[in-house]
């Protein structure tokens, strides 16, 4: 079944969580199963929504999960069920 | 001519107040859960949905208060009763119509706010200049709810979950309840049926909500 937007967001944030809360772009690209272009678009949106933040570790660009991002992961099943039930 | 009075059986005074308050509380619960989830995602689609259920909750609570005063549960002058009744029902009508419009925006993914404003402005004169507020309101509600139910039927066909079936079923009943309120003009008992159907619809929405909250 085709991934919905919240499925993709979940996959991205879960990938960061599984890496201990911090991930480099290459790993995120691989784990999220998106094209580079689409990943960039999603990253912009996730940053805007404060679900993740950009940072630097040892001069490398990294993405870190925020508390809001953790909240999203925690509520994901409810969110998905609600979104599907009410067609949002 | 102002005509918003709905004849009802004497024994139903108080029952209708309770059922309307019940519907209002469930709508507000749905709005509350929607708000919590909106905070997790900041998705715009949740905003219209959230607003629609806040308005729906306000609409039913407004009517519940109006019916409570009509049922003479408060020891106040007839003038106050008339004022509260009128204000309550007008509030109910306009809040409900606004709620249904926002729900249409949410279900049909209408982004342009101007369209929504235009739709609301088209509805209002039709209502205000009609011979009977309640008749116009129930006809307009039936039409809006028909489109909302259609959207939920499409959603159920796509998703095929028990929760989406409950939502679809609830809106079928809500749509059915509207013409039953109109039939009240022929016989009081239709008012009772309409309320029963509406209450059952909100019970189904509550069941859907509980299924969502229990998902871990």
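Any read-out appearing in this document is the output of simple, stated calculations on the displayed coordinates, not a laboratory observation. No experiment lies behind these values; they were computed from the predicted model shown. We place every Cβ from the backbone using ideal geometry, glycine too, and count neighbours over all the protein chains shown.
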Efficiency of FRET between residue B:161 and residue A:33 - r from beta-carbon atoms, R0 30 angstrom, step 0.05: 0.80
Fewest-first ranking of B:139, B:54, using other Cβ atoms within 10 Å as the exposure measure: B:139, B:54
For peptides B:23-31, B:114-122, sequence by mean Cβ density within 10 Å, most packed first: B:23-31, B:114-122
Computed E for residue B:80/residue B:121 - FRET, C-beta separation, R0 41 angstrom, nearest 0.05: 0.80
For B:36-49, mean number of other protein chain Cβ atoms within 10 Å: 6
Residue exposure sequence - B:150, B:11, B:190 - by fewest surrounding Cβ within 10 Å: B:11, B:150, B:190
Neighbouring partner chain Cβ atoms per residue of B:155-167, average, 10 Å criterion: 3
Chain B shape via C-alpha gyration tensor axes, a/c threshold 1.5: prolate
Residue-averaged beta-carbon neighbours from other chains (10 angstrom radius) around B:202-212: 2
Prolate/oblate/rounded label for region B:92-187 (Cα gyration tensor, a/c 1.5): oblate
Rounded Å value of the spacing that divides the Cα centres of region B:132-195 and region A:17-54: 43
Gain upon complete extension [residue B:210, residue B:42; 0.36 nm per residue less C-alpha separation]: 58.2 nm
For a label point 7 Å along the Cα-to-beta-carbon line of residue B:153, residues of region B:86-123 with backbone N under 16 Å: B:108
Ranked A:74, A:19, A:2, criterion: other C-beta atoms within 10 Å, fewest first: A:2, A:74, A:19
Value of [θ]222 nm, deg cm²/dmol, for chain B, DSSP H segments ≥ 4, -39500 (n - 2.57) each, nearest 500: -28500 deg cm²/dmol
